[in-house]
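S.K.: What follows is a single structure, and I will ask about it in a moment.
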Protein chains: 2
Amino acid sequence: MMTQADPLSTTFAALADPTRRAILARLATGGASVNELAEPFEMSLPAVSKHLKVLERAGLITRSREAQSRPCQLHAAPLKDAVSWIEHYRMFWEQSFDRLEIYLKEIEKESSKHGPKHRR
Amino acid sequence: MMTQADPLSTTFAALADPTRRAILARLATGGASVNELAEPFEMSLPAVSKHLKVLERAGLITRSREAQSRPCQLHAAPLKDAVSWIEHYRMFWEQSFDRLEIYLKEIEKESSKHGPKHRR
């Protein structure tokens, strides 16, 4: 069933996992080997390697071919397109918060019409 | 293997498909029934319904329980957290474009040192 995904789908799929997001957060502080990346997780090295492969295929990390430890580096460029896509919808979520605000103000007005807030 | 995913993972997973992103883009222009949503895709109604279920579970669309056609509406609120997460990495992709620019300028300087660009 799995066909070659478009780059944007590959980026979003790579981000759809808390361990992979934590790996990217760790790499934002500097390059790291697989062992260093595996340390904070209760996870086998093969499991971490699998996550790294997903991130590498998505172009979100690069791995050195030279050193035996093959340290990983963050490569954030694909996130630019991801954020551009989502940004098109900003007016919609901002609208919904605006609407919530209007609603809350109406409730406030309504309750103040029916008498003081703090009765004794 | 599938466990209850965290909200952010669910959002990113829902976005990791071009049809689902196209459905959200369509709903940004206004509410639509399943039939209306299926029209531009060469896809069966059950296939479209499956995508709608993923979007609904991710809280990215809402569906009316009243009308028989159960029209769908965009609900962009979960995208706010998705964009917030990615935004933390902005300095990294901007840095890498800066570095590319520096690199290209260096190449340019280097080639101008070795003689005029357009020789005859």
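The values are calculated or read from the model by the stated rules, or taken from the named source; none is laboratory data. From a predicted model like this one, the values you see are computed outputs, not experimental measurements. With ideal geometry, Cβ positions are generated from the backbone for all residues, glycine too; neighbour counts draw on all protein chains shown. Side chains included, ligands, DNA and RNA excluded: accessible areas come from the protein's heavy atoms. Shrake-Rupley method; radii C 1.70, N 1.55, O 1.52, S 1.80 Å.
S.K.: With a 1.4 Å probe and every protein chain left in place, work out the accessible area per residue of the protein assembly as shown in Å², rounded to a whole number.
M.R.: Accessible area per residue: 67 Å².
S.K.: With labels modelled as points extended 7 Å from the Cα through the Cβ direction, what inter-label distance (nm, one decimal) is found for residue B:28 paired with residue A:66?
M.R.: In this crude label model, residue B:28 to residue A:66 measures out at 4.3 nm.
S.K.: Determine the gain in length on full extension of the stretch residue A:47-residue A:112; use 0.36 nm per residue of separation and subtract their C-alpha separation, reporting nm with one decimal.
M.R.: Computed gain between residue A:47 and residue A:112 is 17.6 nm.
S.K.: If you take the beta carbon distance between residue B:103 and residue A:87 as r and set R0 to 35 Å, what does 1/(1 + (r/R0)^6) give as a FRET efficiency, to the nearest 0.05?
M.R.: Rounded to the nearest 0.05, the efficiency is 0.80.
S.K.: How far, in nm to one decimal, is residue B:25 from itself in the other copies if the label point is set 7 angstrom along Cα toward Cβ? Shortest first, please.
M.R.: List, nearest first: 3.2 nm.
S.K.: Mind listing, in residue-number order, the residues in region A:66-92 that have at least 50 Å² less accessible area with every protein chain present than in their own chain alone (1.4 Å probe)?
M.R.: Listed in order, they are A:79, A:80, A:83, A:85, A:86, A:89, A:92.
S.K.: Given the whole protein assembly as supplied and a 1.4 Å probe, what does the accessible area of residue A:103 come to in Å², nearest 10?
M.R.: Result for residue A:103: roughly 130 Å² accessible.
S.K.: Which angle from 0 to 90°, rounded to the nearest 10, does the C-alpha axis of helix B:77-87 make with the longest principal axis of chain B?
M.R.: 20
S.K.: Same structure, new question: Which ³J(HN,Hα) values, rounded to whole Hz and listed in residue order, are derived for region B:29-41 from phi using the Karplus coefficients 6.51, -1.76 and 1.60 in 6.51 cos²θ - 1.76 cosθ + 1.60 with θ = phi - 60°, glycine and proline given as x?
M.R.: For region B:29-41, the Karplus curve yields 8, x, x, 7, 7, 4, 4, 5, 6, 6, 3, x, 9 Hz.
S.K.: Answer rounded, prolate or oblate for the protein assembly as shown, using the Cα gyration tensor with square roots of eigenvalues a ≥ b ≥ c: rounded when a/c is under 1.5, else prolate when a/b is larger than b/c, else oblate.
M.R.: In terms of gyration-tensor shape, prolate.
S.K.: Still on this structure, I have one more. Could you work out the relative contact order of chain A, using alpha carbon pairs under 8 angstrom and six or more residues apart, expressed as a whole percent?
M.R.: 24
S.K.: Something else about it: Determine the share of the protein assembly as shown's accessible area contributed by carbon and sulfur atoms, expressed in whole percent, with a 1.4 angstrom probe.
M.R.: 54
S.K.: Given the options A:14, A:47, A:38, which has the most mean-square fluctuation in a GNM of chain A, springs set between C-alpha atoms less than 10 angstrom apart?
M.R.: Of the options given, A:47 has the highest mean-square fluctuation.
S.K.: Shifting gears a bit: Over 29 Å between Cα atoms, which of A:50/A:80; A:53/B:109; B:53/B:80; A:113/B:80; A:53/B:105 qualify?
M.R.: Cα-Cα > 29 Å for A:53/B:109; A:113/B:80; A:53/B:105; rest within.
S.K.: Report the FRET efficiency, 1/(1 + (r/R0)^6), for residue B:35 and residue B:5, where r is their Cβ-Cβ distance and R0 is 35 Å, rounded to 0.05.
M.R.: Result of the calculation: an efficiency of 0.75.
S.K.: If amide H atoms are built 1.01 Å from N in the plane of the peptide, which residues on other chains or at least 5 residues away come under 5 Å of the amide H of residue A:61?
M.R.: It is A:56, A:75, by chain and number.
S.K.: Follow-up. Look at the axis of the rotation that sends chain B onto chain A, then give the chain B residue with the nearest Cβ and the distance in whole Å.
M.R.: With distances in whole Å, chain B gives B:12, 2.
S.K.: While we're on this one: Taking the alpha-carbon centroid of each part, what is the distance from region A:56-110 to region B:5-76 in angstrom?
M.R.: Centre-to-centre distance over Cα atoms comes out at 20 Å.
S.K.: Note the buried accessible area between A and B here, summed over both chains, with a 1.4 Å probe, in Å² to the nearest 100.
M.R.: Interface area, both chains combined: 2500 Å², rounded to the nearest 100.
S.K.: Going by accessible area, probe 1.4 Å, with all protein chains left in place, what is the ranking of B:43, A:91, largest first?
M.R.: A:91, B:43
S.K.: Related question: Taking a point 7 Å out from Cα toward Cβ as the label site, list the nm distances between residue A:113 and the same residue in every other copy, smallest first.
M.R.: Its label point is 7.7 nm from the equivalent points in the other copies.
S.K.: To one decimal in nm, how far is residue B:59 from the same spot in the other copies, if labels go 7 Å from Cα toward Cβ? Please give the shortest first.
M.R.: Values, ascending and in nm: 3.1.
S.K.: Can I ask one more? Which value, in debye to the nearest 20, describes the size of the charge dipole of region B:6-86 about its Cα centre when Lys and Arg Cβ atoms bear +1, Asp and Glu Cβ atoms bear -1, and nothing else is charged?
M.R.: Dipole of region B:6-86, to the nearest 20 debye: 120 debye.
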